[in-house]
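Before any comments, here is the structure.
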Amino acid sequence: MSSLQKTIVRPVQCTGIGLHSGRKVNLVIHPAPVNHGIKFVRADLPHKPVISAHFRNVVDTSLATTLGTDGVIISTIEHLLAAFTGLRIDNALIEMDAYEAPIMDGSAGPFTAMLHQAGIKMQSGKRYTFVVKEAIEMVENDKKVGLYPSKSLRISCTIDFDHPLVRRQSFTISLTDDLFEKEISWARTFGFLHEVNYLKQNGFAKGGSLENAVVLDRDRILNPEGLRYEDEFVRHKVLDCMGDLSLLGMPFVGHFIAHKSGHALNHALLKRFMDQKSCWETVEAAGTSA
Ligand SMILES: [Zn+2]
């Protein structure tokens, strides 16, 4: 991992719709100075309120990760944040003119492509990381999530669905291998038809379609183009976890292992990890490569 912080060279923008709101949103990613972190600004509201991408600002994890402060929210940010983690960009200001980030194609691929288009540059400030010193775990029924000491940042996910095309899938990625873009970033979000119908009947997933999600009925994938990876489902879980982990506010060195986990349990673990100060220390990042 580089020992210096990174931002983008020039602003870059896109337009899309929110997965749950169905609302059009314009998104602009701006460069930001050293130690700024990743922050969102709601350009459509008076005084343009700013919210940091930090787990202490998480107000809802039921359908997507939502940040909020003083009644202002920013929602469905996990795929966008995964792109910053995957490309190890420390500082940026993300401007939006609606509360929900664009879903694009349901993956982080369009965001990583945008960040490359903007150009990525090293900054003069040193990068610091959390190093996991002691294992910490949380269990909830058959779900389990944990952070463990490791020499590098690794993420392992297992999913287990009672569906003939999903079943049990596991995937591990080491972020030092630079495999994020190829192996993870294009994995799309997925849903089961009966759940999608239920969400739509209740006013959610208004923007959801086969353009931005893999949808399965009882024994088939409804998307005519099929899957991008044979195990696209678990790869998308890794992507979601990377977005959640970015809310620590700094990169970390350790192994994150999730078994059937979701946003809520991931965030609960982050809180417990931060509160248990014997579990971590912050150190200056070593190395000079990307
Ligand atoms: Zn997702």
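The values are calculated or read from the model by the stated rules, or taken from the named source; none is laboratory data. These numbers were taken from a predicted model, which means no experiment stands behind them. Glycine gets a Cβ as well: all are built from the backbone with ideal geometry, and neighbour counts include every protein chain shown. For accessibility, only protein heavy atoms count, side chains too; no ligands or nucleic acids. Shrake-Rupley method; radii C 1.70, N 1.55, O 1.52, S 1.80 Å.
Quick look at the numbers
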{"quantity": "Residue among T129, T189, T158 that alone is closer than 17 Å to I89 by Cβ and of a type in the set (S, T, Y)", "calculated": "T129"}
{"quantity": "Count - residues of region 96-106 that are more than 16 Å from the ligand (Cβ to nearest atom) and either farther than 16 Å from T69 by Cα or part of a loop (DSSP other than H, G, I, E, B) (or both)", "calculated": "3"}
{"quantity": "Every residue from region 227-252 that is in a loop (DSSP other than H, G, I, E, B) and either within 20 Å of the chain's Cα centre (by Cα) or within 13 Å of T189 (Cα to Cα) (or both)", "calculated": "L227, R228, Y229, D231, G249, M250, P251"}
{"quantity": "Test for F192: is it under 22 Å from the mean Cα position of the chain (by Cα), at pLDDT below 95 and surrounded by fewer than 20 Cβ atoms within 10 Å (Cβ to Cβ)", "calculated": "yes"}
{"quantity": "Among the residues listed as E211, E181, the single one being within 16 Å of the ligand (Cβ to nearest atom), charged (D, E, K, R) and touching a residue at least 24 places away in the same chain (Cβ under 8 Å)", "calculated": "E211"}
{"quantity": "Residue in region 108-129 that is surrounded by 17 or more Cβ atoms within 10 Å (Cβ to Cβ), assigned to a strand (DSSP E or B) and in contact with a Ser or Thr (Cβ under 9 Å, 6 or more places away or on another chain) present", "calculated": "yes"}
{"quantity": "Strands (runs of 3 or more DSSP E) contained entirely in region 19-87, each with at least 2 residues that are among the β-branched types (V, I, T) and open to solvent by less than 40 Å² (accessible area, probe 1.4 Å)", "calculated": "24-31, 38-42, 72-75"}
{"quantity": "In region 184-208, residue nearest to D240 (Cα to Cα) [restricted to those that are among the small types (G, A, S) and away from the ligand (no atom under 13 Å from the Cβ)]", "calculated": "G207"}
{"quantity": "Residue count for region 200-214, restricted to those that are in contact with a Gly (Cβ under 6 Å, 6 or more places away or on another chain) and either open to solvent by 10 Å² or more (accessible area, probe 1.4 Å) or over 10 Å from F190 (Cα atoms) (or both)", "calculated": "3"}
{"quantity": "Single condition D217 does not satisfy, out of (1) surrounded by 16 or more Cβ atoms within 10 Å (Cβ to Cβ); (2) over 20 Å from the mean Cα position of the chain (by Cα)", "calculated": "(1)"}
{"quantity": "Scan of region 161-189 for residues that are part of a loop (DSSP other than H, G, I, E, B), open to solvent by 30 Å² or more (accessible area, probe 1.4 Å) and hydrophobic (A, V, I, L, M, F, W, C), ordered by number", "calculated": "L165, L179, W186"}
{"quantity": "Residue check for A82: within 16 Å of the ligand (Cβ to nearest atom) and touching a Gly at 6+ places or on another chain (Cβ under 9 Å)", "calculated": "yes"}
